[in-house]
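Participant: Structure incoming, see below.
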Amino acid sequence: MTISVAMTVNGKPVSGKVEARTLLVQFLREHLGMTGTHVGCDTSQCGACVVHVDGKSVKSCTMLAVQADGANVTTIEGLASSPDKLHPMQEAFRDNHALQCGFCTPGMVMSAIDMVKRHNYQLDEATVRHELEGNLCRCTGYHNIVKAILAAAPAMKAAGV
Amino acid sequence: MTATGIGARVLRTEDKRFLTGTGRYVDDLALARATYAYFLRSPHAHAKIKSIDISAAEKMPGVVAVYTGKDVAESKVGGLICGWVVKDKHGEPHKAPPHPPMALDTVRYVGDTVAMVVANSPEEAKDAAEKIKVDYEVKPSIVDLAHALDKGAPQVHAEAPGNLVYDWEIGSKADVDAALAKAAHVTKIDIVNNRLIPNAMEPRAAAAEYDKGTGHYTLWSTSQNPHVLRLILSAFVLGIPEHKLRVIAPDVGGGFGSKIFCYADETLVCWAAAKVGRPIKWTAERSESFMTDCHGRDHVTHAELALDKDGKFLAFKVETIANMGAYLSTFSTAVPTYLYATLLAGQYTTPVIYANVKAALTNTAPVDAYRGAGRPEATFVIESIVSKAAQELKIDPAELRRKNFIPSTAFPYQTPVALQYDSGNYPPIIDEAMKIADYKGFAARRSEAKARGKLRGIGFSSYIEACGLAPSQVIGQLGGGVGQWESAQIKFNPTGNVQILTGAHSHGQSHETTFAQIVSDKLGVPLENIEVVHGDTATTPFGMGSYGSRSLAVGGSAIMKAADKIIAKGKKIAAHLMEASVNDVVFENGTFKVAGTDKSVPLAQTVFAAYVPHNYPLAELEPGMDENAFYDPANFVYPAGTQICEVEVDPDTGVVEIVNFTAVDDFGNIINPMIVEGQVHGGIVQGVGQALLEKAVYDSDTGQLLSGSFMDYAVPRADDVPSFKLGYKVTPCPHNPLGVKGCGEAGAIAAPAAVMNAVHDALAPLGVTHVPMPATPMNVWRTIHGA
Amino acid sequence: MYDFAYHRPKSLADAVSALKGKDEARPMAGGMTLIPTLKQRLAKPSDVIDLGAIKDLAGVKVEGSNVVIGAMTRHFDVASSADVKRMIPALAELAGMIGDPAVRNRGTIGGSIANSDPAADYPAAVVALNATITTNTGKHAADGFFKGLFETALKDGELITSVSFPKPDKAAYMKFRNPASRYAMVGVFVAKTGNTVRVAVTGAGPSVFRVKAMEDALSKNFTSAAIKDIKVPADDLNSDIHGSAEYRAHLVGVMARRAVDAANK
Ligand SMILES: Cc1cc2nc3c(=O)[nH]c(=O)nc-3n(C[C@H](O)[C@H](O)[C@H](O)COP(=O)(O)OP(=O)(O)OC[C@H]3O[C@@H](n4cnc5c(N)ncnc54)[C@H](O)[C@@H]3O)c2cc1C
Ligand code: FES
Ligand code: FES
């Protein structure tokens, strides 16, 4: 079944024709060519595909593109306010060496931003580790990811994002 | 140290693209007119293929082509190779059964490739694959390693009777047996090194394109070593001349060894691209990765350590059966022999060592190198038995280790198992680790935990590893099929910026930053003017790729050599420009100077002169500033360290929690401490994963992979591990120009023993001496209740 | 995934009629179970009826001493609902333990209950709190609703609309996670209302079940000591690579005692 969808991705209106079975992540990667969002598993566990839909983190591999019809989607490509101005979470990941191969990174960053906001910019190590349950990283051992998120929380608050 | 040079904590160059979603991994490629491949995999562990009917699949919408093993064989595609010939104890080469990229008449593990569908979309390819009818005659299978060599076990290949690939040994059995017979004390262990599934977060992927006009193939692959992949595909498998095949490994999302090898899927994608005349893309689903990526470890071992009455090690004997899986993967044979048994001296002066390794075929996915490859297995045997001996002899585990450490004055130290350790100083490492871990305070922490109903334990692991593969001639003598040098090219552009082209490949290790730091430091070029190019056989010099913690020690050394050549040439140009004698010219901070005068010429000016050679000694010197170097190391490098792990066990549930983890390493000189720490963290967590969580399980009756997804295979998550405390001691490597040793695998090599020793220590009051690895809650609970 | 026809009705009535007369129509709530199932090609529905646009199916209400949760209420919204936290904090905690934040942002109570996964958390709460499940056709008592492995008392085309939980005096949920999937390997929900105690176990068996012996002992003496010698037989329990039936049986005891202690805190 072919369906027309329209949504806002990173502030820009987009539309396309998809099959009912097209996943949101496929729509982003294959239809829109936005390959920043990754696919790391087929059982909805790894979190490489996390994006924000109407401000909430979701696994874009476990949502149909048609379900996002009319929604406001933010992906890793939409975080930096300009090519030279990264989001504080992106900055914190870089400052703390919270990424190695970079494959889990888009999902990690998207989950991390959602986490910081939900916890009202107040986090401790145990909470961060627990909140990362849905994001797997095989490279960093999480140590620096946790550090980065803890560092980003006050930075996000200060930047008002 | 400059702000961006050697030793500086420089933030990574590669981060920006990864953080903004602009990295380019294989699956991100958009190829015009692309088709998509889907592989039909064997659902059986062992079966004869009686017939395959593809007629219905061919008629499905969007299908471009369907291929079976017969098509592949008819095209004269060669088998996948094992590139390392191990000679058994009688000097006979290992049994090498054929490994067709697509099964011809027999499938030998769940996941073996049976057919390939090429279609206009991935979903259509999958839809069509469901219509392929395969008539299998299921045969008995063997997945249980401990019984793979038993008489009467199902045969995996006719070419390897009794499933035995080789029966190999090192050291003198007679000497070791004699020492064991008269020793004051002998400690024995029986351990299983659990089978692991690497699970780099980016699944393997391949894309290929054939240019009919030129006869050129381009293969994009998630490879750790594109040149080696090209060499294997050209020379052995596809027969495409090397100069007609370009292999590109763009951004690669982790490898940990699993992306070293030449796999069936990428081979077939490349082969079929010419047949269908359109580009083909394939990306593994995670469940395919679980089934078909090479797995790691999987040993069954018995070991005996002889000690004198004072706890001095007298002899060490190790007998191991190693699983090879259903086919021999690219470097599989070397892992449980030359990368394992040669490490069995550890950090100790044990005078005689004997190891016997039998490699067995089973109806499971191929097993090959996985982060540490052989060295984690060796470290686990040594460090488990040493801790057990300490417990039996009631000696402090740190004390027993110290008593047997190779003294710092003994380097270079020849071990009884072939290797000559170049440098090291072990006692200060363990001292530092004990200080950081507050070993003295442990007893108090243990009793405090007891009051809370928890059993607290502490465990040591003092590892040594040989990495930085390696002197080519040694590798050749041992049966390795390739050279093990590395290449580098430093290419200045006329405007003064630099490209470093390397044969190494970064899939997380940060070469783009570290390698640039070396050149920045050495040549005085600002970091932002340097770019590291890797991963494309068309642009980079032939190189061996990245694995075995070799990139910096070998690849970095090649860069140093190339930089030396740049300086040497620059000196000649500068001498000409300054009208001085070359012998009077010195190079400092990016500038050539005539000693004792105020004459100077910056490097950039010599570069410009080299490209615009108007005032230039053309008679003696070629124009251009572009230097190549190949570096073949004189020896392996020998990182060493001690990890101390502290755990708490909940005796009611069997849950093990890591409450403290310390690692002190000697990696020689450090180029970028931030990056090294990251490597250690990641390595430790993979080691912790092996110790507490991860295990590949095949059903012993059906041969099905029971741990075939993240639902059943537990990869460590953030809340499974703590933050780590790290420390360093430095003994520079004496034989490479940077004085560096490798750091990529150390964490994974040492951690399993550290964790398991801590678990054993925690449970010792209950009389427990052995918990099977991984120490999952159920395993711990069962052990406690069987104890 | 096989393709299907997609529907997004705006009302319950439209959803019910969309389900009728199709060969294989499936309702979809959060999709957190359904979509992975479809991706693995384990189901081939002709039609998928997305309940996401039916506004009145989502939300938490307090009706007397009951908390009534709409079928489409996301796990996150249950976990953070002030009403749930005030009336039945153990239920909010349970919802906060399901999956990970992204899963909780999509997954719903109705979907979880309808699915009757042996390792799901909600069924333990539904049974221990003696909840009532309301559907478009009527009401189901908690006992008897979960019939077995992925099996409930729901008829074809019957849709859960809400679940009503009576407020207990004391309650707690203890979850022992499967180390890989993080679903419940054993989860025990204990609830005390007046002199009635209900103990419901998920993860351990083919479907959620009550432990009568523990309930009897606890209704006399609501302390963990009262059940320390009660063993659950391992015979009918699940066994897999992470937990044998014996281990699960043992964990039921441990988790039940810990739940009682937590409820008493
Ligand atoms: C990574 C991951 C981790 C998870 N961890 C846990 C966990 O720890 N514990 C846990 O309990 N669960 C876990 N889940 C499952 C999760 O809670 C699901 O959200 C839940 O099981 C199904 O809810 P849903 O709303 O997503 O339903 P869907 O997936 O949309 O539907 C599930 C089934 O219910 C049917 N259905 C849906 N709504 C209704 C209705 N109103 N009436 C009748 N039938 C209906 C559907 O047809 C389908 O058969 C996990 C899921 C994922 C992906
Ligand atoms: S791709 Fe793994 S959770 Fe979405
Ligand atoms: S950085 Fe490689 S998986 Fe996280």
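Participant: Looking at (1) buried (at least 24 other Cβ atoms within 10 Å of the Cβ); (2) within 14 Å of chain B (Cβ to nearest Cβ), find the lone condition where A:LEU24 falls short.
Facilitator: Among (1) buried (at least 24 other Cβ atoms within 10 Å of the Cβ); (2) within 14 Å of chain B (Cβ to nearest Cβ), A:LEU24 violates only (2).
Participant: Here is a follow-up. Sort out which residues of the stretch C:148-178 are touching a His at 6+ places or on another chain (Cβ under 6 Å) and in contact (Cβ under 8 Å) with a residue 60 or more places away in the chain, and write them in order of number.
Facilitator: C:ASN178
Participant: Checking the condition touching a Gly at 6+ places or on another chain (Cβ under 9 Å), without any contact (Cβ under 8 Å) to a residue 40 or more places away in the chain and not assigned by TED's automatic domain parsing to the domain that holds B:THR514, which residue from B:PRO737, B:PRO716 passes?
Facilitator: B:PRO716
Participant: Looking at (1) among the aromatic types (Phe, Trp, Tyr); (2) under 22 Å from A:GLN45 (Cα atoms); (3) within 14 Å of chain A (Cβ to nearest Cβ), which is the only condition B:PHE724 fails?
Facilitator: (2)
Participant: In contact with a Ser or Thr (Cβ under 6 Å, 6 or more places away or on another chain) and within 30 Å of A:THR2 (Cβ to Cβ): is that true of C:ALA124 in this structure?
Facilitator: Spelling it out, it is not the case that C:ALA124 is in contact with a Ser or Thr (Cβ under 6 Å, 6 or more places away or on another chain) and within 30 Å of A:THR2 (Cβ to Cβ).
Participant: Would you check if A:LYS17 is more than 10 Å from every other protein chain (Cβ to nearest Cβ) and modelled with pLDDT of 95 or more?
Facilitator: Yes.
Participant: For C:LYS85, indicate whether it is more than 14 Å from chain A (Cβ to nearest Cβ), assigned to a strand (DSSP E or B) and within 30 Å of C:ALA259 (Cβ to Cβ).
Facilitator: Against the criterion (more than 14 Å from chain A (Cβ to nearest Cβ), assigned to a strand (DSSP E or B) and within 30 Å of C:ALA259 (Cβ to Cβ)), C:LYS85 does not qualify.
Participant: A further question on this structure: Check whether at least one residue in the stretch B:585-600 is crowded, with 24+ Cβ neighbours inside 10 Å and either at pLDDT below 95 or within 14 Å of chain A (Cβ to nearest Cβ) (or both), and report yes or no.
Facilitator: No, the stretch B:585-600 contains no residue that is crowded, with 24+ Cβ neighbours inside 10 Å and either at pLDDT below 95 or within 14 Å of chain A (Cβ to nearest Cβ) (or both).
Participant: Just to be sure I understand, how many residues within the stretch B:383-400 are of a type in the set (Lys, Arg) and farther than 26 Å from B:ALA174 by Cα?
Facilitator: So the answer is 1.
Participant: Okay, moving on. Confirm whether C:GLY111 is within 16 Å of ligand 2 (Cβ to nearest atom) and within 13 Å of the chain's Cα centre (by Cα).
Facilitator: On the way: within 16 Å of ligand 2 (Cβ to nearest atom): no; within 13 Å of the chain's Cα centre (by Cα): yes.
No; evaluated as a whole, the condition is false for this residue.
Participant: With B:ASP27, B:ASP71, B:ASP15 as the choices, which residue is within 30 Å of B:LYS126 (Cβ to Cβ), among the charged types (D, E, K, R), within 13 Å of chain A (Cβ to nearest Cβ) and crowded, with 17+ Cβ neighbours inside 10 Å?
Facilitator: B:ASP27
Participant: So, in the stretch A:130-144, exactly how many residues are closer than 22 Å to C:ASN105 by Cα and more than 12 Å from chain C (Cβ to nearest Cβ)?
Facilitator: Qualifying residue count, the stretch A:130-144: 1.
Participant: Let me ask something else about it. Which count do you get for residues in the stretch B:164-212 that are assigned to a loop (DSSP other than H, G, I, E, B) and not polar (S, T, N, Q)?
Facilitator: Residues of the stretch B:164-212 assigned to a loop (DSSP other than H, G, I, E, B): B:171-172, B:183-184, B:194-195, B:197-204, B:212.
Checking the rest, the ones that are also not polar (S, T, N, Q) come to B:171, B:183-184, B:195, B:197-198, B:200-204, B:212.
The total comes to 12.
Participant: Select from the stretch C:234-265 the residues that are touching a Gly at 6+ places or on another chain (Cβ under 9 Å) and outside any helix (DSSP H, G or I) and write down the one among them that is nearest to the other protein chains (Cβ to nearest Cβ).
Facilitator: C:GLY243
Participant: Would you be able to say whether some residue in the stretch A:100-117 is over 20 Å from B:ALA200 (Cβ atoms), among the polar types (S, T, N, Q) and either in contact with a Lys or Arg (Cβ under 8 Å, 6 or more places away or on another chain) or more than 16 Å from ligand 1 (Cβ to nearest atom) (or both)?
Facilitator: For the stretch A:100-117, residues over 20 Å from B:ALA200 (Cβ atoms), among the polar types (S, T, N, Q) and either in contact with a Lys or Arg (Cβ under 8 Å, 6 or more places away or on another chain) or more than 16 Å from ligand 1 (Cβ to nearest atom) (or both): absent.
Participant: Also, I was wondering about something else. Tally time: how many residues in the stretch C:212-233 are surrounded by fewer than 22 Cβ atoms within 10 Å (Cβ to Cβ), assigned to a loop (DSSP other than H, G, I, E, B) and among the hydrophobic types (A, V, I, L, M, F, W, C)?
Facilitator: Within the stretch C:212-233, residues that are surrounded by fewer than 22 Cβ atoms within 10 Å (Cβ to Cβ), assigned to a loop (DSSP other than H, G, I, E, B) and among the hydrophobic types (A, V, I, L, M, F, W, C) number 2.
Participant: Exactly one of (1) away from ligand 1 (no atom under 16 Å from the Cβ); (2) away from every other protein chain (no Cβ under 14 Å); (3) in contact with a helix residue (DSSP H, G or I) (Cβ under 7 Å, 6 or more places away or on another chain); (4) not acidic (Asp, Glu) is unmet by C:LYS231. Its number?
Facilitator: (2)
Participant: Working carefully through the options A:MET63, A:MET89, find the one that is among the hydrophobic types (A, V, I, L, M, F, W, C) and in contact (Cβ under 8 Å) with a residue 60 or more places away in the chain.
Facilitator: Criteria check complete, one pass: A:MET89.
Participant: Kindly provide the set of residues from the stretch A:33-73 that are away from chain B (no Cβ under 11 Å) and away from ligand 2 (no atom under 16 Å from the Cβ), ordered by number.
Facilitator: A:ASP54, A:GLY55, A:VAL66, A:ASP69, A:GLY70, A:ALA71, A:ASN72, listed by residue number.
Participant: Restricting to the stretch B:444-481, give me the number of residues that are touching a strand residue (DSSP E or B) at 6+ places or on another chain (Cβ under 9 Å) and not in a strand (DSSP E or B).
Facilitator: 19
Participant: Which of (1) touching a Pro at 6+ places or on another chain (Cβ under 9 Å); (2) within 16 Å of ligand 1 (Cβ to nearest atom); (3) of a type in the set (Ser, Thr, Tyr) is the odd one out, the single condition A:SER60 does not satisfy?
Facilitator: Only one criterion in (1) touching a Pro at 6+ places or on another chain (Cβ under 9 Å); (2) within 16 Å of ligand 1 (Cβ to nearest atom); (3) of a type in the set (Ser, Thr, Tyr) is unmet by A:SER60, namely (1).
Participant: For B:ALA663, are the conditions met, namely being assigned by TED's automatic domain parsing to the domain that holds B:GLY441 and of a type in the set (A, V, I, L, M, F, W, C)?
Facilitator: yes
Participant: Has the stretch B:686-705 got at least one residue that is of a type in the set (Val, Ile, Thr), closer than 29 Å to B:ALA410 by Cβ and buried (at least 24 other Cβ atoms within 10 Å of the Cβ)?
Facilitator: Taking the stretch B:686-705 first, the residues of a type in the set (Val, Ile, Thr) are B:688, B:697, B:702.
Then drop every residue that is not closer than 29 Å to B:ALA410 by Cβ, which leaves none.
No, the stretch B:686-705 has no match at all.
Participant: Follow-up. Given (1) over 28 Å from C:HIS75 (Cβ atoms); (2) among the hydrophobic types (A, V, I, L, M, F, W, C); (3) touching a strand residue (DSSP E or B) at 6+ places or on another chain (Cβ under 9 Å); (4) away from ligand 3 (no atom under 16 Å from the Cβ), where does A:LEU23 come up short, assuming only one miss?
Facilitator: (1)
Participant: Any idea which of (1) under 26 Å from the mean Cα position of the chain (by Cα); (2) more than 10 Å from chain A (Cβ to nearest Cβ); (3) among the hydrophobic types (A, V, I, L, M, F, W, C) is the one B:ALA32 doesn't satisfy?
Facilitator: With (1) under 26 Å from the mean Cα position of the chain (by Cα); (2) more than 10 Å from chain A (Cβ to nearest Cβ); (3) among the hydrophobic types (A, V, I, L, M, F, W, C) applied to B:ALA32, the lone miss is (1).
Participant: Also, I was wondering about something else. Of everything in the stretch C:52-63, what is out of contact with any strand residue (DSSP E or B) (no Cβ under 6 Å at 6 or more places or on another chain) and modelled with pLDDT of 95 or more? Give them in sequence order. If you could, list the steps in order and put the result at the bottom.
Facilitator: Let us first name the residues in the stretch C:52-63 that are out of contact with any strand residue (DSSP E or B) (no Cβ under 6 Å at 6 or more places or on another chain), namely C:52-56, C:62-63.
Within the stretch C:52-63, C:GLY52, C:ALA53, C:ILE54, C:VAL62, C:GLU63 meet the criteria.
Participant: Just the residues that are closer than 15 Å to A:GLY47 by Cα and either acidic (Asp, Glu) or within 14 Å of chain C (Cβ to nearest Cβ) (or both), please, taken from the stretch A:98-127.
Facilitator: A:CYS104, A:PRO106, A:GLY107, A:MET108, A:VAL109, A:MET110, A:SER111, A:ALA112, A:ILE113, A:ASP114, A:MET115
Participant: Taking the options B:LYS572, B:LYS593, name whichever one is assigned to a strand (DSSP E or B), more than 23 Å from B:LEU501 (Cα to Cα) and either out of contact with any strand residue (DSSP E or B) (no Cβ under 7 Å at 6 or more places or on another chain) or basic (Lys, Arg) (or both).
Facilitator: So the residue among B:LYS572, B:LYS593 that is assigned to a strand (DSSP E or B), more than 23 Å from B:LEU501 (Cα to Cα) and either out of contact with any strand residue (DSSP E or B) (no Cβ under 7 Å at 6 or more places or on another chain) or basic (Lys, Arg) (or both) is B:LYS593.
The values are calculated or read from the model by the stated rules, or taken from the named source; none is laboratory data. No experiment lies behind these values; they were computed from the predicted model shown. Because the Cβ atoms are built from the backbone with ideal geometry, glycine has one as well, and the counts that use them run over all protein chains shown.
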